[in-house]
Amino acid sequence: MTDQDGKFTFIAAINRYYIVSSSIGYNKFRTADFQLSGTADYQLPDIILTENSKNLKEVSITAAKPILERRAGKLIFNVDASPSAAGLTALELLNKAPGVTIDHNENISLAGKSNVLVTIDGKQTYLSSTEVINLLKSMQSSEIESVEVINNPGSRYDANSTGGIINIKTKKGLSEGFNGNAALSAGFNKYLLTTNTINLNYRQRNFNVFGSYGYNRTEQKRKTDIDRITPGADPLYFTQKNIDHPVINAQNFKIGTDFFLSPKHTIGFLAKGTISHFDQQSSSDVNIGKSFLITDSVIKTPSAISNVRKNFAYNINYKGILDTAGQEISIDADYSTFDGTNNANYINRFYLPNGDFLKDGLIYRSLSPSNIDIKAIKADYTLPINKKVKLETGIKIAGVKSNNNFIYENNVNGSWIFDATKSNQFLYDEKVSAAYATLNITLGKLNIEGGLRAEHTNSTGNSVTTSQLTKKNLYQFLSFPFIKQEY
């Protein structure tokens, strides 16, 4: 080994030697043989290494995303990086996302907390929890780029998202031209189950047009056994057997376009909708007696439920990158409509233990049409003050109007009679104004974030049937401190 000046020293006995020199990227150099004696000096020739040039074969470098990424207060689950995510619906995919749990009733929780807000591409769906589940069932994992899990939403998000946010980012074609994909799946659990989707995208230099359609059908039969005992000195014993046979047919669609006004300014339009049909036939048999072994009477309750829900949403959005430092502004305007009907029929009949008919009990039906209109506009602004400090601020104005009419009718001698004591029409009008500001400071691996959100809610509820008017005027001030230390 030589020193930094190229000098080297040998301790060697009298003999005949040669020296070989080498270095990475250079050809080896070998001196001629020479005789080393005890007293004579030997002058080596100059050692000159020539460069070793070789043409390598083609080298391919492939970058792969990790399955999980932690970034800016969110945990990102990259779908394509997970082999086990292939062929799943979006609902099944959420079960694989860190911290997300879906129970047997299809309720979504995040880190044990309910009241979770599910968004698509950063935009609220304005759907009920049932419609969100149906939408997720009709989406395929092949449509999804990533799932973002936000356990502690900051001041940027609405106050009703305290349970956390799950944002599903869908794929959009980035290459010019036409592309698309389709996925068809079917299965049987005794009944036909199917999920089908198609996604299309056409992109040119100045615009992008995209659309998708999904259809999902599920059918099953559930059986439930319940035993109950009433308290007291003379208890009654109830043995109940329920059979439910639900069938769900759900469709969803999306069509939109983005216009690239310049590389830094984009305006987009989006229309999407969901249509779902839920039909369920049920039966309930209840044995009543002084013990579980002795039956005095039997109540049989067949029922039928039919729901139709239609939701349509429209969005206009703008995003502008104002400079190279990261100054950014985005504006969204949304309009959503929801129309639904929920019809149910129930029959109660009493029988003797031997199966002979005894009498009719209550026979009734309910009709529940509902209509909801939602309008919202919001603007968000990001200002990097310097490399360590960033300010985010924004405003939102939203309005909700709903008309829910619950009609209850009893069957009396074969005729349906309106029951005013159990019926109600409820009108609701809500206006929400909100503003927020968040300051983010990064000091090495220490991240400090502080946010404040102010919301004003003005609502009026009008029970038309009971002539009861309820008004609320609510102010909320929410703070969001957050400190994170990376190691």
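Summary table
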{"read-out": "All-pairs alpha carbon distance profile, segment 341-487, 5 Å steps from 0, percent", "value": "2, 7, 11, 11, 10, 9, 8, 8, 7, 7, 6, 5, 4, 3, 2, 1, 0"}
{"read-out": "Segment 432-481: radius of gyration and largest Cα-Cα distance (Dmax), Å", "value": "18.6, 62"}
{"read-out": "Equivalent ellipsoid semi-axes, segment 62-171, via Cα gyration tensor eigenvalues times 5, rooted, Å", "value": "21, 17, 12"}
{"read-out": "Translational diffusion coefficient (Stokes-Einstein; Kirkwood radius from C-alpha pairs) of segment 139-193 at 4 °C, 1.567 mPa s, in µm²/s", "value": "87"}
{"read-out": "Table column - 3J(HN,Hα) (Hz), segment 118-129, Karplus curve with 6.51, -1.76, 1.60, x for Gly and Pro", "value": "9, 10, 10, 6, x, 10, 5, 7, 6, 10, 6, 4"}
{"read-out": "nm² value of the averaged projected area, convex hull over the Cα atoms of segment 204-325", "value": "14.1"}
{"read-out": "Highest-first arrangement of 376-389, 355-368, where packing means the average Cβ count within 10 Å", "value": "376-389, 355-368"}
{"read-out": "Those lysines that a straight Cα-Cα span of less than 23 Å connects to Lys96, excepting residues fewer than 8 apart in one chain", "value": "Lys65, Lys74, Lys113, Lys123, Lys137, Lys169, Lys171, Lys172"}
{"read-out": "Size-normalised alpha-carbon gyration radius of the chain, reference 2.2 N^0.38 Å", "value": "1.52"}
{"read-out": "Most positive-pole-ward Cα, Pro263, Gly320, Asn354, against dipole of segment 215-368 from beta carbon charges", "value": "Asn354"}
{"read-out": "The chain - mean residue ellipticity at 222 nm from DSSP helices (-39,500 (n - 2.57) per run, n ≥ 4, rounded to 500)", "value": "-500 deg cm²/dmol"}
{"read-out": "Segment 293-378 - convex hull of alpha carbons, volume per residue in Å³", "value": "156"}
{"read-out": "Order by protection proxy (mean Cβ within 10 Å, highest first), peptides 196-208, 470-482, 319-331", "value": "196-208, 319-331, 470-482"}
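We did not get these values from a lab; they are worked out from the coordinates using the rules stated. Fair warning: this is a prediction, and the values are worked out from it, not measured in the lab. Cβ sites come from the backbone with ideal geometry, for glycine too, and all protein chains shown count toward neighbours.
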